[in-house]
Each structure stands twice: as C-alpha cells, then as structure tokens.
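For reference, the structure discussed in these notes is given below.
The values are calculated or read from the model by the stated rules, or taken from the named source; none is laboratory data. Given the structure is predicted, the values throughout are model-derived calculations rather than measurements. Please note: Cβ atoms are built from the backbone with ideal geometry, for glycine as well, and neighbour counts cover all protein chains shown. Ligands, DNA and RNA are excluded from the accessible area calculation, which covers all protein heavy atoms including side chains. Shrake-Rupley method; radii C 1.70, N 1.55, O 1.52, S 1.80 Å.
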Amino acid sequence: MTEPASIDVMNLPELPGGWSYAALEDLLEPNGISYGIVQPGNHDPAGIPIVRVKDLKAGQVNREDPLRVSSEVEGKYSRTRLRGGEVLVSLVGSVGETAVATSELSGWNVARAIGVLRVSGQVTPSWLRICLDGDVAQHYMQTRLNTTVQATLNLRDVRRVPVVMPPARERQAIAAVAAALEDKIAVNKRIASTVEDILRDMYLAHGMSSGEIRIGDIGHLVRESVKPDALSGDEPYIGLEHMPRKQVWLNSWGKSSMIGSVKSSFKIGDILFGKLRPYFHKVGVAQVNGVCSTDIIVVRASETECRSWLLMALSSDEVVAHAAARSDGTRMPRAKWSDLADFKVPWPGVEQAARFEESAAPLIERAERGAAESRALARLRETLLPQLLSGKLRVHDAEKVVEDAV
C-alpha cells in the first residue's frame with residue numbers, strides 16, 4: 001500500500017515488512033466524518049436520545065438516562081444520526097474515548113463533542129476502533145489538542161490520524177484476539193446484571209408478606225474521615241463518577257493519589273449511597289477497602305446476616321425516591337442519612353433475612369469474581385494490543401496468552 005501524502009511516516013514508529021499506515025479519512029465513506037449537535041437545548045422527554053462524552057466509557061456507550069433533544073433540533077443534524085456500525089470518538093474534554101455504535105443506538109444522534117466516523121469497506125469498525133485506542137493514534141491526537149479553553153481536537157486533525165494497516169489476514173487475527181477478550185468481559189457483565197435481577201426478585205418476593213423496619217435498625221452510618229496526607233496514594237478511590245446508575249456493582253475506581261481533600265473511609269461489603277443528586281440512583285456495594293467522596297454516604301450493616309437485605313433495600317426505587325424527595329438544595333440537592341435511617345423498608349424477620357443472605361452471598365461473590373476477572377482482562381488487552389499493533393508480538397503468541405486467560 002502506498003503511504004498517503006497526508007501522513008508524515010518519518011515521525012511514526014517503524015512497522016514490520018508488508019505493514020503500512022493509512023490516513024483515517026482514506027478508510028471512511030465519502031464525507032464520512034462529522035461532529036454532532038452543537039446546541040441540543042433543554043432535555044425533551046419525548047425527544048431523540050444523543051450520545052455525549054460522559055456516555056463513552058471503556059469502549060461502550062452508556063444508554064441509561066440519555067439527554068434527549070427535540071425532533072426539530074435533531075432534524076438539522078441528520079448527517080450524524082446513527083444507524084449502527086459507526087465509530088464514535090470524543091473530541092472535547094476526555095479526547096480519544098472510542099466506541100462502535102451498536103444496532104441498539106440506531107436512530108440516536110450525538111453531541112458536538114463526539115465525532116462520527118462512517119467506515120468504508122476497506123476495514124471493519126472494530127479494527128478502526130482498535131487502532132484509535134492504540135498508542136500511535138492516541139499520541140497523535142493528544143499532541144494536536146487545542147487547550148486554550150478546553151482540550152479539543154479538530155476534525156482536520158482527526159482526518160489525518162495514522163491507522164496501522166497490517167495485511168488483511170493479520171488484521172483479522174489481531175481483531176479476533178481483541179474480540180475474545182471483549183466477549184468474555186461482556187459475558188461477565190451479563191452475569192452481573194442477571195445476578196442483580198435475581199437478587200431484586202428475591203427481595204421483592206420475601207418482602208411481599210413481611211413487616212417493616214427502619215433502615216437505621218439494620219445499618220449504621222460510617223463516619224471515618226481520612227486526610228490526603230494519611231494515604232499512600234495507592235488506595236482505591238471511589239467518586240460519584242465511578243458509580244453507575246441503577247447498578248449495585250462498583251467495578252471501577254481511581255487511586256487516592258487523585259484526591260486533595262478529606263475523604264471518607266469504607267471497607268469491603270459497605271454500601272455506598274450517592275447523596276449528591278440522589279435521583280441519579282447511585283448505590284452499590286464496595287468490593288475493596290478504600291476511600292470515597294464525601295458526597296457518598298457510607299453505610300455498614302449492623303449484622304452480617306442482613307447485609308444483602310440492606311443492599312437491596314438501599315438500592316430500591318422506593319428508598320432512592322424518598323431520598324430525592326427529602327434532599328436539601330435546589331441546584332445541588334443532597335440526601336441526609338437521618339432521612340434514610342428513618343425510612344421503613346420491608347423486613348421478613350431475622351431468620352428469613354439470614355436465609356436471604358445465605359442465598360445472596362454466593363451470587364454476589366460470583367458477580368464480584370467476574371468483575372475482578374474483567375478488570376484483569378481489560379489490563380491484558382491494554383498490554384497486548386499495543387504490542388500486536390507494533391508487530392513486536394505475533395498473533396499466535398498472543399492467542400496462547402488469551403486462551404490461558406479466558
């Protein structure tokens with residue numbers, strides 16, 4: 001393949017024989033790159049959902065509670081209306097986040113800060129996303145940011161992003177390695193979702209013919225403040241940004257080196273309740289010891305036997321709705337522990353709660369074991385793909401590593 005004139009290959013890493021670089025726009029449909037809606041306006045409950053930068057995470061698009069824009073506004077941006085199969089890349093803020101639009105996103109649109117890439121038949125969307133996540137493309141994008149106000153990448157620079165192009169058979173093999181890892185991660189995610197559904201159904205079934213109890217009678221507020229200078233910097237840190245909506249599994253976190261103010265301490269098994277804007281429904285169980293934002297309430301079960309019941313209660317729609325209704329503040333409402341503690345939830349009695357715990361504990365352990373495996377697989381992907389894209393690691397060696405891992 002002849003190197004396109006728009007790429008200065010002299011400043012790019014050398015590739016194995018038979019490999020080359022292509023300019024991104026040479027792999028797209030004609031006029032196959034655009035950014036989305038500039039001024040979406042206020043949320044329209046009956047409008048068209050759009051993807052924003054904050055919805056892109058770990059190669060996936062979060063489809064929960066999207067911003068919706070009016071049909072009138074969206075109609076002016078039909079060029080970025082999704083049909084599935086497009087590669088999405090963030091252009092503002094956290095530049096370089098990517099995902100492939102799935103069929104579930106057909107009919108959605110995107111915000112101004114998202115670039116939509118429509119791939120031609122030369123490569124697959126998954127290959128383009130793999131390359132955009134790679135070191136060469138990421139370095140190219142990060143070194144061309146306009147940071148005057150907020151980090152921004154212009155489309156003219158996106159068009160020239162260098163894409164690694166091994167021979168077709170090699171591309172397919174590398175993509176298969178990445179797909180094997182991502183498929184296993186997706187399986188673990190589905191298992192966790194199923195476990196939560198099972199626990200929720202069990203909780204509702206046990207609670208139908210039970211009495212009531214104050215949340216404060218089965219759990220208590222943990223008040224353990226930690227100053228930054230008392231931390232090593234390696235402790236897990238959970239902020240509201242790490243807590244997914246309506247999902248009790250807290251599978252990701254940062255490091256305490258990120259923080260510069262007093263935080264709250266928590267332990268494995270504690271329940272974290274996002275008190276800032278509680279209607280966002282951010283409630284989950286800690287899988288590690290660590291520290292968290294003071295905008296998170298840390299609750300610990302009074303007895304181990306009622307821990308799973310307390311988790312289901314605190315994460316229920318009824319408790320979250322109560323917290324939202326009683327929260328203080330107009331623009332930045334916050335829930336209070338006293339309101340949560342006084343709220344009554346279904347209670348089947350000590351014996352039945354203990355039986356619920358016996359059934360729930362192994363399910364929770366399975367979900368958490370899958371989450372730990374997924375984090376390890378994600379790290380493996382981050383290690384293997386740069387080596388595969390540089391040609392330093394051959395596919396058959398990577399396949400053996402992946403086979404052992406999955």
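In the chain, the portion of solvent-accessible area held by carbon and sulfur atoms comes to 49 percent [1.4 Å probe, whole percent, DNA, RNA and ligands not counted].
Average 1/r across all pairs of distinct alpha carbons in the range 6-155, invert it, and you get the Kirkwood radius: 16.1 Å. For the range 342-391, taking Cα atoms only, Rg and Dmax work out to 20.3, 62 Å respectively.
Viscosity 1.567 mPa s, temperature 4 °C: what is the translational diffusion coefficient of the range 179-283 from Stokes-Einstein with a Kirkwood Rh over Cα pairs, rounded to a whole number of µm²/s? Value of D from the Cα-based Kirkwood radius: 78 µm²/s.
Helices in the chain, meaning DSSP H runs of at least 4 residues, each add -39500 (n - 2.57). Divided by all residues, the mean residue ellipticity at 222 nm is -11500 deg cm²/dmol.
Averaging over all projection directions, the Cα-based convex hull of the range 13-89 occupies 7.4 nm² in the image plane. Working value for the range 188-232: equivalent-ellipsoid semi-axes of 33, 22, 4 Å, each the square root of 5 times a Cα gyration tensor eigenvalue, largest first. Computed over protein heavy atoms with a 1.4 Å probe, the accessible surface of the chain works out to 49 Å² per residue.
Quotient of the Cα radius of gyration of the range 275-406 and 2.2 N^0.38 Å, N being its number of residues: 1.49.
A P(r) calculated from all alpha carbon pairs of the chain, with 20 Å bins opening at zero, reads 23, 51, 24, 2 percent. Relative protection proxy for 116-129, 349-362, 77-90, from highest mean packing down: 77-90, 116-129, 349-362 (other beta-carbon atoms within 10 angstrom).
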